[in-house]
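The values are calculated or read from the model by the stated rules, or taken from the named source; none is laboratory data. These figures come from a predicted structure and were not determined experimentally. Counting neighbours? That spans all protein chains shown, and the Cβs are built from the backbone with ideal geometry, glycine included.
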Amino acid sequence: MELAFVRDEQGISAMHGHYQVAVAQVCQRCLSQVVLELDTECDVGFVTSDEAAKNLPRHYEPVIVDEEALDLHALIEDELLLALPAVPMHPLETCQHPPGYQPDTAEPEEEAEKPNPFSVLAKLKRDT
């Protein structure tokens, strides 16, 4: 993990973070442990109000600071949580499926041709 605290050319106090961590999760396909390699970056701009947050350049994520000390651990934890996938899984070819599991590889059945409900209207139009 690398963190750099800077004041940019616009005078904005900012933090650039680069995180490379291995996180153990439960594979939602086979329910065994999967280790995910997270490699993510963030750019945070420190501001003192909502109004100042609205004026930050788009590439900064605003963090409002006040008289209380900034909880750096919570900030890093939030960034890592945002980098996690919603559904952690092994790659399909390496996933150990439970006994009796068969992936759904069947081709979807083509639906039987349904009668067009407007065909009656087309017939009436031809008859008139």
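Being outside any strand (DSSP E or B) and within 18 Å of the chain's Cα centre (by Cα) is the filter here; which residues of the stretch 27-38 pass it?
Within the stretch 27-38, C27, Q28 qualify.
Would you check if L82 is under 19 Å from F5 (Cβ atoms), within 22 Å of the chain's Cα centre (by Cα) and modelled with pLDDT of 90 or more? Before you say what the answer is, go through the steps one by one.
Details: under 19 Å from F5 (Cβ atoms): no; within 22 Å of the chain's Cα centre (by Cα): yes; modelled with pLDDT of 90 or more: yes.
In short, no.
Could you list all residues from the stretch 12-29 that are over 30 Å from A53 (Cβ atoms) and in contact (Cβ under 8 Å) with a residue 60 or more places away in the chain? Break it down into steps so the answer makes sense when it comes.
Kept after step one, since they are over 30 Å from A53 (Cβ atoms), are these residues of the stretch 12-29: 22, 24-29.
Result: Q25, V26, C27, Q28, R29.
Quick grid of which residues meet (1) buried (at least 16 other Cβ atoms within 10 Å of the Cβ); (2) assigned to a loop (DSSP other than H, G, I, E, B); (3) in contact with a Gly (Cβ under 6 Å, 6 or more places away or on another chain); (4) modelled with pLDDT of 90 or more:
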site	(1), (2), (3), (4)
G11	no, yes, no, yes
G17	yes, no, no, yes
Q25	no, no, no, yes
T40	no, no, no, yes
A74	no, no, no, yes
H90	yes, yes, no, yes
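If I go through the stretch 42-72 residue by residue, how many of them are farther than 17 Å from M15 by Cα and either assigned to a strand (DSSP E or B) or small (G, A, S) (or both)?
Looking only at that region, the number is 1.
Pairs, please: C-beta under 6 Å, at least 6 apart or cross-chain, first residue farther than 17 Å from A22 by Cβ and in the stretch 35-52, second among the small types (G, A, S) and in a helix (DSSP H, G or I)?
Every condition considered, the pairs that remain are V47/A53.
Does S32 count as touching a strand residue (DSSP E or B) at 6+ places or on another chain (Cβ under 9 Å), touching a residue at least 60 places away in the same chain (Cβ under 8 Å), loosely packed, with under 13 Cβ neighbours inside 10 Å and hydroxyl-bearing (S, T, Y)? Give the derivation first.
Numbers: touching a strand residue (DSSP E or B) at 6+ places or on another chain (Cβ under 9 Å): yes; touching a residue at least 60 places away in the same chain (Cβ under 8 Å): yes; loosely packed, with under 13 Cβ neighbours inside 10 Å: yes; hydroxyl-bearing (S, T, Y): yes.
So S32 passes the test.
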